[in-house]
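What follows draws every value from the coordinates through simple rules; no lab data is involved. The shown structure was predicted, so the numbers you read here are calculated from the model rather than taken from an experiment. Here the Cβ is made from the backbone with ideal geometry for all residues, glycine too, and neighbour counts use every protein chain on show.
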Amino acid sequence: MEYAVEIENLSKKYPLVKRYRDIILHPLTQEKMAALVDISFSIYRGELFGLLGPNGAGKTTLLKILATLILPDAGRVRVNGFDVEKKPGHIKRSMGFVVNEERSFYWRLTGLQNLEFFACLNNINRYLIPERVDKVLALVGLKQEKNRMFKDYSAGMKQRLAIARSLLAEPDILIMDEPTRSLDPAAARSLRDFVRKELVEKRGKTVCMSTHNLHEAEDLCDRVAILHKGRLLACRSPRDIKSLLPATRVLEIRIMKEGLCSGDSVMEMFRRKGYNPAGLVEEGQKIKLSIEKYDISAGISGIVTELADMGFTVTACLPRETTLEEAFDKLVEE
Amino acid sequence: MAKILAFLKRDVQEMLSYKIAFMGELLGIIFPLLTFFFVSKLMEGSKIESLAPYGGNYFPFVLVGIAFSSYLMIALYSFTGIISTAQTNGTLEALLCTQTDLPVILLSASLFPFIRGAVNVLLYLAAGVLFFNVHFVNPNIAGLLIISILTVVCFASIGIISASFIMVFKKGDPVMWLFSSASGLLSGVMYPVAIMPGWLQKTAQWIPLTHSLEGIRKSLLMGAPIARLSGEIKVLSLLTAVLLPLSLFLFSQAVRKAKKDGTLTQF
């Protein structure tokens with residue numbers, strides 16, 4: 001089977017909470033809000049797949065549907081070949097959901113006691129539980145900390161224990177809802193490495209993760225799906241998504257300003273010439289700024305000459321590749 | 001069985017980690033008993049007709065009423081408690097992602113409150129015998145067990161109906177409110193049903209706890225044989241036969257609705 005997850009024309013609406021007036025005046029009607037609208041895409045086996053989108057885009061709803069916690073209204077969703085509505089038990093056997101909620105553990109129990117409890121609920125034979133728990137604790141680097149109460153774990157350790165829990169049943173597919181959300185940069189980087197190198201590359205797991213962090217998605221994911229207001233805007237590799245802005249680049253310029261002209265007047269001069277300046281940084285006589293939506297096919301010699309004519313000494317003029325963030329902004333804007 | 005034990009182990013580990021609360025709970029048994037012991041002292045010497053079917057003394061009557069009604073209330077409250085606690089603590093989502101179905105989670109998680117409740121009943125009765133001079137003469141243990149089991153299943157069914165309500169509406173459960181309030185007032189926990197006006201006595205017959213306490217007192221205080229308990233056994237069997245399948249059906253519908261509305265783990 002080629003696909004780990006297959007989603008066809010998935011739609012989901014949530015009922016809105018009624019006001020007292022509506023309960024009395026319209027007791028039988030129910031207003032609904034669309035969370036997902038006609039979504040279709042698939043995730044390959046062994047792929048690290050990212051779900052991107054602003055708040056309210058429908059990422060968590062989609063992940064919870066995959067985890068069989070929410071039922072879809074329309075469409076078809078299969079995880080590991082099993083339909084989420086008809087075979088939730090089969091799905092739970094082959095998929096681990098990394099619940100991004102530190103309260104999803106028992107705080108007064110140790111990490112070990114928590115994992116033993118969840119291992120039992122995952123139908124692991126009681127004679128195999130110690131070995132399996134030990135294995136996942138070692139995998140996430142918490143073996144030394146296993147006898148500490150969960151409440152005494154750091155945010156990074158809690159997140160690692162959540163991953164360990166999801167690995168107890170040795171699932172092929174892992175679903176993660178913003179796994180690096182509450183981590184500091186070092187812990188987030190360590191977790192990203194673990195997911196990419198250990199889970200995907202070494203163990204061949206399929207990982208589907210949602211994130212707000214576009215740099216993280218760009219670095220980590222094989223493909224990403226961009227959701228906005230419940231609709232799928234794109235589903236490609238980060239490189240392909242960036243290529244949606246083909247002829248435009250960002251040009252980073254560093255100049256020495258002459259005389260007493262202010263940064264604002266420099267920006268105004270660029271605008272009058274028809275450019276889109278942004279990100280102005282002034283350090284004494286040095287000015288750094290970006291020209292957005294610059295047509296790189298025209299080359300940079302023209303703008304350098306123009307800047308010299310305007311009286312600036314150009315110290316650097318570097319075309320920079322479009323980031324996923326810029327492509328994301330453009331897609332959402334459109 | 002392994003899952004039941006896993007829940008039990010989890011609950012014991014959690015309970016023991018809150019040491020002061022554990023000690024406080026033990027003391028909580030003694031204080032209400034002392035209160036009713038002194039109330040019963042007030043009544044000493046006076047002949048109260050309505051207490052005659054239960055041996056004539058108020059303290060054994062109220063001791064059984066408090067001990068068993070508190071146990072039966074556990075059956076009523078434990079299921080909603082399990083769901084709402086797991087929702088507010090945030091563990092429900094993690095539990096639902098395991099390979100264990102929600103009804104199994106619910107039943108396994110309810111075992112600890114039931115065992116704790118049973119220990120409390122034994123402590124109540126032991127305290128009554130050891131410190132307050134209560135005597136149980138020839139109690140009918142078999143009858144007591146039959147009545148208790150039927151009552152627990154019947155009350156648990158009501159508890160599951162209540163949990164279904166909580167699953168969908170989250171708060172303000174009328175089932176629980178109606179049953180606990182009416183049971184406390186009308187079913188003869190603190191005073192015999194016979195002292196109430198006729199119309200209230202008739203209303204009390206619709207409440208399962210009335211029949212439970214009547215059967216338990218008859219078997220424990222008077223040693224009544226099974227034949228004399230047949231009325232209570234029939235009523236409780238009938239209620240259980242209706243309420244148990246109804247509660248399981250309502251619960252499965254409530255879970256489906258919560259999954260459809262996306263509110264399964266919300267509170």
### Query
Per residue of A:113-122, how many C-beta atoms from partner chains lie within 10 Å of its own C-beta, taken as a mean?
6
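Please report the relative contact order for region B:165-249, taking Cα pairs under 8 Å with a sequence separation of at least 6, and give it as a percent rounded to a whole number.
Numbers: 44 pairs, mean separation 17.4, N = 85.
This gives 20 percent for region B:165-249.
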### Query
Among A:106, A:127, A:44, which one moves the most in a GNM of chain A with springs linking Cα atoms closer than 10 Å?
A:127
### Backbone N under 11 Å from the residue B:238 label point (7 Å along Cα→Cβ), restricted to region B:179-207
B:206
### Message
Within region A:211-229, name every residue whose backbone N is under 13 Å away from a label modeled 7 Å from Cα of residue A:33 along the Cβ vector.
### Response
A:229
### Message
Between helix B:58-89 and chain B, what is the angle of the helix's C-alpha long axis to the longest principal axis, kept within 0 to 90° and rounded to the nearest 10?
### Response
10 degrees
### Message
I'd like the orientation of helix B:102-131 relative to chain B: the angle between its Cα long axis and the longest Cα principal axis, in ° from 0 to 90, rounded to 10.
### Response
20 degrees
### Query
At what distance in nm do the modelled label points of residue A:190 and residue B:47 sit from each other, each positioned 7 Å from its Cα along Cα→Cβ?
8.2 nm
### Task
Rounding to the nearest 20 debye, state how big the charge dipole of chain A is about its Cα centre with +1 on each Lys and Arg Cβ and -1 on each Asp and Glu Cβ.
1320 debye
### Message
Run lengths n ≥ 4 of DSSP H only: what is the helix-derived mean residue ellipticity at 222 nm for chain B, with -39500 (n - 2.57) per run over all residues, to the nearest 500?
### Response
-26000 deg cm²/dmol
### Overall dimensions of the protein assembly as shown by Cα: Rg and Dmax, Å
33.1, 116
### Task
With runs of 4+ DSSP H residues as the only contributors, calculate the mean residue ellipticity of chain A at 222 nm using -39,500 (n - 2.57) per run, divided by the residue total and rounded to the nearest 500.
-9000 deg cm²/dmol
### Query
What does the charge count near residue A:150 come to, summing +1 for each Lys or Arg and -1 for each Asp or Glu among other residues with Cβ under 14 Å from its Cβ?
+3
### Task
Take chain B, drop everything but the C-alpha atoms, weight them equally and run the Debye formula without solvent; then report log10 I(q)/I(0) at 0.08, 0.09, 0.13, 0.17 Å⁻¹ to two decimals.
-0.36, -0.45, -0.91, -1.38
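Using the beta-carbon distance between residue A:271 and residue A:8 and R0 = 30 Å, what value does 1/(1 + (r/R0)^6) give for FRET efficiency, to the nearest 0.05?
Values: r = 47 Å, r/R0 = 1.58.
The formula returns an efficiency of 0.05 here.
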### Message
Can you give me the distance in nm between label points at residue B:249 and residue A:127, each placed 7 Å from the Cα along the Cα-to-Cβ direction?
### Response
4.4 nm
### Query
How many percent of DSSP beta bridges within the protein assembly as shown run antiparallel, rounded to 5?
70 percent
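When you look at the Cβ of every residue in A:62-72, what mean number of other chain Cβ atoms sits within 10 Å? All intermediate terms of the calculation are to be shown ahead of the outcome.
Working: counts 0, 0, 6, 2, 0, 3, 3, 9, 8, 8, 2.
Mean partner shielding for this stretch: 4.
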### Query
Across peptide B:85-97, what mean number of C-beta atoms from other chains lies inside 10 Å of a residue's C-beta?
6
### Query
For region A:292-334, with the dipole built from +1 on Lys and Arg beta-carbon atoms and -1 on Asp and Glu ones, taken about the Cα centre, which of A:331, A:297, A:316 lies farthest toward the positive end?
A:316
### Task
Would you mind checking the pairs A:205/A:242; A:92/A:135; A:12/A:293; B:47/B:202; B:41/B:218 and listing those with alpha carbons more than 31 angstrom apart?
A:12/A:293
### Message
How far apart, in nanometres, would the label points at residue B:137 and residue B:13 be if each is projected 7 angstrom from Cα along the Cα-to-Cβ direction?
### Response
5.1 nm
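Can you list the equivalent-ellipsoid semi-axes of chain A, largest first and in whole Å, using the square root of 5 times each Cα gyration tensor eigenvalue? Could you put the intermediate results ahead of the total?
Working: eigenvalues 413, 142, 76 Å².
Semi-axes, largest first: 45, 27, 20 Å.
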### Summary
In region B:19-89, the trypsin sites (Lys or Arg not before Pro) that sit in a DSSP loop and have at most 16 other Cβ atoms within 10 Å of their own Cβ are B:47
### Query
Angle between the Cα long axis of helix A:155-167 and the longest principal axis of chain A, 0 to 90 degrees, nearest 10?
50 degrees
### Task
Could you please state, rounded to a whole Å, how far the C-alpha centre of region B:169-184 is from the C-alpha centre of region A:102-116?
32 Å
